[in-house]
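The values are calculated or read from the model by the stated rules, or taken from the named source; none is laboratory data. What you are looking at is a predicted structure, and each value in this text was computed from that prediction instead of being measured. Reconstructed Cβ throughout: ideal geometry from the backbone, glycine too, with neighbour counts over all protein chains shown.
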Amino acid sequence: MSSHRDFDVRKPEDGLSKKEPGSPPPNDWEQIDHAKLSHDLFATPGDFPRGNTMGEKELRKAGISCKHSVDVDGRESTTAVYPNGVKVKVFQGATLQGKNRALIVIKPTSVIDIPGSSREHPKGSGIRVDSKGRQIAKVNKDGSVTVDAGDEIYTQSHDGIARETAIRGRDRKSWMVIDTDTPLGEQRPRK
């Protein structure tokens with residue numbers, strides 16, 4: 001048994017302005033809860049903001065120049081230049097409704113510019129390495145980008161930059177971010 005909300009799902013040309021309480025929607029219409037849809041698409045436990053985004057003073061001290069902007073369509077973006085010359089721009093995702101009432105889902109996207117030659121290795125992983133094979137940036141599942149700026153590792157999303165705790169590999173070319181907010185993940189101690 002499915003439940004539905006009390007709002008009008010009929011076309012305006014039907015001449016009906018109100019939906020009768022308790023009546024099911026017409027078969028050719030699909031009810032969409034836009035708030036739930038955007039939450040399901042973009043809100044995962046690891047998404048920003050996590051509350052640890054850096055302020056202007058911290059960014060200047062770290063040598064990061066950062067600009068936050070809002071595009072014409074209302075999507076937020078953050079552009080940053082890191083001390084090692086890496087430029088990253090991260091755009092917010094959006095769910096828009098077209099003229100024919102079809103939903104258009106735009107996933108969070110990013111543009112990464114690494115000085116010199118770079119490539120994605122392995123292909124399809126979202127990990128960018130420089131010409132020496134050193135991991136420089138990684139595109140995360142939520143659309144944010146994690147960048148190795150030399151001494152520190154940062155994660156940049158559409159609404160800010162956060163310093164990360166990470167472990168470097170023995171070869172000093174690779175690294176892995178550690179989740180210090182929930183270090184046990186899904187594991188819970190016994191009561």
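Observations on the model:
- Residue that is modelled with the lowest pLDDT [pool: residues in the range 168-180 that are part of a loop (DSSP other than H, G, I, E, B) and surrounded by 10 or more Cβ atoms within 10 Å (Cβ to Cβ)]: 179
- Each residue in the range 80-125 was checked for being without any contact (Cβ under 8 Å) to a residue 24 or more places away in the chain and assigned to a loop (DSSP other than H, G, I, E, B), and 12 of them qualify.
Here's the yes/no breakdown for (1) over 22 Å from residue 54 (Cβ atoms); (2) charged (D, E, K, R):
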{"residue": "103", "(1), (2)": "yes, no"}
{"residue": "106", "(1), (2)": "yes, no"}
{"residue": "112", "(1), (2)": "no, no"}
{"residue": "121", "(1), (2)": "yes, no"}
{"residue": "125", "(1), (2)": "yes, no"}
{"residue": "134", "(1), (2)": "yes, yes"}
{"residue": "146", "(1), (2)": "no, no"}
{"residue": "156", "(1), (2)": "no, no"}
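- Residues of the range 152-167 that turn out to be part of a loop (DSSP other than H, G, I, E, B) and in contact with a Pro (Cβ under 8 Å, 6 or more places away or on another chain), as a count: 2
- Contacts under 8 angstrom Cβ, first residue in the range 126-148 being over 15 Å from residue 176 (Cα atoms) and in contact (Cβ under 8 Å) with a residue 24 or more places away in the chain, partner surrounded by fewer than 21 Cβ atoms within 10 Å (Cβ to Cβ) and among the β-branched types (Val, Ile, Thr), 6 or more apart: 142/44; 143/109
- With respect to the conditions (1) touching a Cys at 6+ places or on another chain (Cβ under 7 Å); (2) not in a strand (DSSP E or B), residue 74 falls short on a single one, namely (1).
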